[in-house]
1. Only residues that are over 14 Å from LEU170 (Cα atoms) and either of a type in the set (Val, Ile, Thr) or not assigned by TED's automatic domain parsing to the domain that holds HIS175 (or both): list them for the range 195-247, please.
2. Of the conditions (1) in the same structural domain as ARG137 (by TED's automatic domain parsing); (2) modelled with pLDDT of 90 or more; (3) surrounded by 14 or more Cβ atoms within 10 Å (Cβ to Cβ), ILE36 fails just one. Which one is it?
3. Across the range 151-176, what is the number of residues that are in a strand (DSSP E or B) and either buried (at least 18 other Cβ atoms within 10 Å of the Cβ) or over 21 Å from the mean Cα position of the chain (by Cα) (or both)?
4. Just checking, how many residues over the range 180-224 are over 16 Å from VAL234 (Cα atoms) and either touching an Asp or Glu at 6+ places or on another chain (Cβ under 8 Å) or not in a helix (DSSP H, G or I) (or both)?
5. Taking the range 251-271 as the search range and keeping residues that are surrounded by 18 or more Cβ atoms within 10 Å (Cβ to Cβ) and part of a loop (DSSP other than H, G, I, E, B), which one is modelled with the lowest pLDDT?
6. Determine whether the range 284-292 contains at least one residue that is in contact (Cβ under 8 Å) with a residue 24 or more places away in the chain and in contact with a Gly (Cβ under 8 Å, 6 or more places away or on another chain).
7. Which one is nearest to the chain's Cα centre (by Cα) among residues in the range 11-33 that are of a type outside the set (S, T, N, Q) and surrounded by 16 or more Cβ atoms within 10 Å (Cβ to Cβ)?
8. Could you tell me whether ALA75 is part of a helix (DSSP H, G or I), in contact with a helix residue (DSSP H, G or I) (Cβ under 6 Å, 6 or more places away or on another chain), of a type in the set (Gly, Ala, Ser) and at pLDDT below 90?
Amino acid sequence: MTLVQLRHLISLAQTGSFSRSAAALFLTQPALSRSIRALEAELGQPLFDRIGRRSELTPFGRDAVERARELVLAADELRGSGRLAHDGQEGLLRIGMGSGPGAMLMTPLLLKVARERPRLRVEIARAGTELLVQALRERALDALVVDARSLRPAPDLDTQSLHDMRGAFLVRRGHPLARRRPGPGFDEVLRYPVASTPLSDEVARILVERYGPHAHPGQLVSLRCEEIPSLVEVARHSDTVLLAIRAAAPDLVELKLQPALAATARFGLVTLRRRSAPPGLALVRQLMAELLMDRAR
């Protein structure tokens with residue numbers, strides 16, 4: 001049986017007339033009769049008693065119509081949910097975020113969904129890139145926003161919506177290094193604790209290239225954490241030097257090191273190839289375009 005046949009059954013039950021139902025359904029009367037006969041043959045029971053020009057439901061037909069209404073209603077609701085999911089209004093979005101993009105995107109994404117798309121469910125996971133990629137491959141996550149330079153090239157991963165953001169050494173206002181004119185040398189930074197999230201191999205290479213082997217993150221960073229907001233708070237209330245994307249802490253002072261750091265993070269949206277886009281992913285792309293950028297100060 002088909003939903004079309006069930007709709008024919010419901011219409012004929014309402015009108016009791018093949019001619020009126022055929023007209024309402026934009027069918028010929030013989031076509032409607034064939035549809036009802038085929039449904040009766042499949043069910044093995046008559047659905048209507050033909051009394052003169054009127055068709056009345058049999059006891060089995062009355063039960064069949066009630067079930068048909070439930071099925072058609074469920075199908076209509078499913079179709080509506082599909083449209084809402086396509087528009088990003090409903091469904092489930094499970095997204096993983098690295099430390100940098102998480103600091104910039106997590107709260108704005110949750111807030112926007114709460115205000116504008118209350119029927120969309122969002123689950124955000126925070127972890128290192130390797131763990132997030134593993135969860136993506138295991139279908140526990142639908143998409144990731146991570147530093148693309150920390151990804152190992154793989155044929156099953158698709159990276160789009162790339163955004164470069166400048167890295168910097170940051171300190172609180174009033175920090176001894178903030179008063180240096182011109183900017184401090186790297187050796188002076190080493191006198192203080194240095195805080196950072198886990199850094200990509202590319203950033204590690206740049207640090208060593210600019211400042212020497214002692215600038216490798218394994219030696220340089222004394223406070224390491226996946227959560228940038230926690231590290232920002234430490235830098236605000238101590239003499240710790242924070243190495244992070246500049247936009248993550250606009251109230252901190254950027255150190256003008258000699259030579260300049262000149263390193264960037266490249267944040268991208270990562271999905272599995274040949275997999276349908278989850279609901280709400282367009283909203284993530286929109287927020288990435290709006291928020292993952294360096295603003296002039």
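1. Those that are over 14 Å from LEU170 (Cα atoms) and either of a type in the set (Val, Ile, Thr) or not assigned by TED's automatic domain parsing to the domain that holds HIS175 (or both): VAL203, ILE206, VAL208.
2. Tallying (1) in the same structural domain as ARG137 (by TED's automatic domain parsing); (2) modelled with pLDDT of 90 or more; (3) surrounded by 14 or more Cβ atoms within 10 Å (Cβ to Cβ), ILE36 fails exactly one: (1).
3. Residues in the range 151-176 being in a strand (DSSP E or B) and either buried (at least 18 other Cβ atoms within 10 Å of the Cβ) or over 21 Å from the mean Cα position of the chain (by Cα) (or both): 9 in total.
4. 13
5. Per the criteria, the residue is ALA263.
6. Within the range 284-292, not a single residue is in contact (Cβ under 8 Å) with a residue 24 or more places away in the chain and in contact with a Gly (Cβ under 8 Å, 6 or more places away or on another chain).
7. Among residues in the range 11-33 that are of a type outside the set (S, T, N, Q) and surrounded by 16 or more Cβ atoms within 10 Å (Cβ to Cβ), the one nearest to the chain's Cα centre (by Cα) is LEU25.
8. The answer is yes for ALA75.
The values are calculated or read from the model by the stated rules, or taken from the named source; none is laboratory data. Keep in mind that what you see is a predicted model, and the values were worked out from it rather than measured. When we count neighbours, we look across all protein chains shown, and the Cβ atoms used for this are built from the backbone with ideal geometry, even at glycine.
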